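Down below is the structure, laid out as structure tokens.
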Amino acid sequence: MKSWFKSGSPWIWMTAGAVSISLISVIGLLLLIAWRGLSFFWPSAIHQFDVQQNGQNAVVIGEVYDREYVPTTRLIQAGVDTKGFKGEEIERLLIKTGNREYVDLDFRWILRTDIQTQTKPSGVAVFERSKNGNFYGFVSQIIEDGKTIDNPSNEQLEELIERAVNFNEEALDLQNGPIGSINYRLERIRLEERALELKEKLTPEDSAAFNQERKELKANYLELEKELFNLRKLAERDFVIVKDMRGEQVRIPLSQVLDVTFPNDMSFITKAGRFLIQVSKFITDDPREANTEGGVFPAIFGTVFMVMLMAVIVTPFGVIAAIYLHEYAAKNAVTKVIRIAVINLAGVPSIVYGVFGLGFFVYMLGGSIDELFYPEASPSPTFGTPGVIWSALTLAILTLPVVIVSTEEGLSRIPSSIRQGSLALGATKAETLWRIIIPMASPAIMTGLILAVARAAGEVAPLMLVGVVKMAPTLPLDGNFPFIHLDRKFMHLGFHIYDVGFQSPNVEAARPLVYATAFLLVSVIVALNITAIGIRNHLREKFKSLEH
């Protein structure tokens, strides 16, 4: 045993065991997040409960969202009648009932002892709506263009819903497209006219031209507005009559319905197809209902756009700084202090960078840009307010030490004989760096970029101060000149998780979205890293011959 310890084998096994435990823990955590997040999109069975509480009978229709066991003594102390139940614990079910405009809460707890009967009725419909959440009930009639149809088929209902959805999408595209462009151009005309007024260069000819263009735009706006109102009127034509759990007949406009499903009548294959549809809608749709419903596409776009912009900014600065420190700077006390400062910057809390970004980039630099180039927009700030460019710059400074250290380590691994041989053949030092040293160090540069992307994509605290918001009405990329709007605020997956998990007015509805968005954020980071790793491996193979 003593010789075994001296051989070092125990430490090898201990290290391997620690690595295995860490790997299993990470994989287990990811699997847990994936299961809790993706299971939300699986069509759940709809139950009908006949409940008797406090001597009153009621019918509850909804999904079983969660279940737990509560000590009987605790329920008795809370004044709950357990009806002579002798067990130590009573099962309690959390039911999502929806129909929130007709009930106090769209989630309610039901004790197993209060349930008289529990069934899965056939024909119960789940309506996904643009507001007020889901609606559960039995379809009685549909009203198509004023005509009542009793006991309609599922296909008839789905066709009318698809019709209304298509008209709503056309109206939204019209509002965000041509109408949005007209509004954007009208605002630009106002700013251009004000800029000429401030410079005292506004001539009667300029005013006439502005007024003429404004008149033409408003005429086009009125035509598009008529088309918009017509689309909305067509979408609001039909209705569906649904019998809810109270036994009441509820009239629901199909213009508010996004989709309808009948989970209790679905086969496994149908549910699997429905699951894929729901996941794709989560990725491609905009959020609704205070981010507790809908999709997260603006957050995905904002995260990827900000990270790519940060990478474009941090890479050249980090590489140039590393090249100077390693290739040109003298080995003296000042250089040592700079290296220590770079290493210490990597340990500064991210919120400190956020405060610095808010004070320096937003208020000082952005405010100065507004004074010099956008005085016509005053007092409304253009760049003197949090935006995606300031977020990218803040995270670029945050991740700069990682890129510098990684690049410098790559430069230090290149033998000095290669530099000397290049110089001996007549190449200048700049040519040696550009043609030999930087290509050989490119894998290390990509390694630093991978680490920078991994950290930047998950940061939230600094972004809350310099650009990220709960809901961004427009993306920082659109069809209006200059097409890329770096001054706009944006959404971020990390902040979306924080907002849904801790700021949501409907905690139970938001909980599955926290897991789903967290899994999506991890997937986005992995995708970005895999892309960067692929580029690094390609560069490593491409410049491998330089090492020999």
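Spin-label model, Glu155 to Leu174: label points 7 Å out along the Cα-to-beta-carbon direction sit 3.1 nm apart.
For the listed residue pairs Lys331/Lys429; Lys96/Lys131; Lys131/Lys470; Lys120/Lys281; Lys131/Lys243; Lys331/Lys542, the alpha carbons are over 25 angstrom apart in Lys120/Lys281; Lys331/Lys542.
Straight-line cross-link reach from Lys218 at under 25 Å between alpha-carbon atoms covers these lysines, not counting any fewer than eight positions away in the same chain: Lys226, Lys233.
For the chain, taking Cα atoms only, Rg and Dmax work out to 30.9, 100 Å respectively.
Just to be sure I follow the definition: excluding the sites themselves, where is the longest run in the chain that has none of the GluC sites (Glu not before Pro) in a DSSP loop with at most 15 other Cβ atoms within 10 Å? Before the final figure, lay out each step's value.
Details: sites that count: Glu88, Glu101, Glu200, Glu236, Glu248.
Answer from the scan: 249-548.
Computed over the Cα atoms of the range 294-378, the ratio of the radius of gyration to the Kirkwood radius (Rg/Rh) comes to 1.10.
Within a Cβ distance under 14 Å of Leu325, other residues only, what is the Lys/Arg minus Asp/Glu net charge?
0
Scanning the chain for DSSP H helices at least 15 Å long along the axis (C-alpha atoms) with a Kyte-Doolittle mean no lower than 0.5 picks out 9-38, 268-284, 297-323, 333-345, 388-412, 438-458, 507-542.
Adding -39500 (n - 2.57) for every DSSP H run of four residues or longer, then dividing by how many residues the chain holds, sets the calculated 222 nm ellipticity at -18000 deg cm²/dmol. Potential lengthening of the chain between Arg163 and Val304 amounts to 47.4 nm, from the contour at 0.36 nm per residue minus the alpha-carbon distance. Which residues make up the longest stretch of the chain that has no trypsin sites (Lys or Arg not before Pro) in a DSSP loop with at most 12 other Cβ atoms within 10 Å? By the stated rule (loop sites, at most 12 other Cβ atoms within 10 Å), 414-548.
Here the simple spin-label model places points 7 Å from the Cα toward Cβ, and for Ser122 and Ala329 these points are separated by 7.7 nm.
Which ordering of Met266, Met440 is given by a fewest-first count of other beta-carbon atoms within 10 Å? Don't skip to the end; give the middle numbers.
On the way: Met266 15, Met440 21.
Ranking Met266, Met440 by Cβ neighbours within 10 Å, fewest first, gives Met266, Met440.
Taking every alpha-carbon pair under 8 Å whose residues sit at least 6 apart, the range 301-547 reaches a relative contact order of 26 percent. Charge tally around Met310: other residues with Cβ under 13 Å, Lys/Arg +1 each, Asp/Glu -1 each, net 0.
Modelled spin-label separation between Leu30 and Asp206, with each label point placed 7 Å from Cα along the Cα-to-Cβ direction: 5.9 nm. Length gained on full extension, Ala45 to Leu477, computed as 0.36 nm times the residue gap minus the Cα-Cα distance: 151.5 nm.
For the range 427-524, chymotrypsin sites (Phe, Trp or Tyr not before Pro) meeting the loop criterion (DSSP other than H, G, I, E, B) and having at most 10 other Cβ atoms within 10 Å: Phe483.
Enumerate by residue number the chymotrypsin sites (Phe, Trp or Tyr not before Pro) in the range 40-79 meeting two conditions: DSSP loop (anything except H, G, I, E, B), and at most 16 other Cβ atoms within 10 Å of the site's Cβ. It would help to have the intermediate numbers written out before the result.
Numbers: sites: Phe40, Phe41, Phe49, Tyr65, Tyr69; in loops: none.
Sites meeting the loop and neighbour criteria: none at all.
Remark: relative contact order (the chain) = 15 percent; criterion is Cα-Cα distance under 8 angstrom and separation of 6 or more residues. Charge tally around Glu376: other residues with Cβ under 15 Å, Lys/Arg +1 each, Asp/Glu -1 each, net -4.
FYI, it's all coordinate maths here, none of it is from the lab. The structure presented is a predicted model; accordingly, all values stated were derived computationally and were not measured. As a convention, Cβ positions derive from the backbone with ideal geometry for all residues, glycine included, and neighbour counts pool all protein chains shown.
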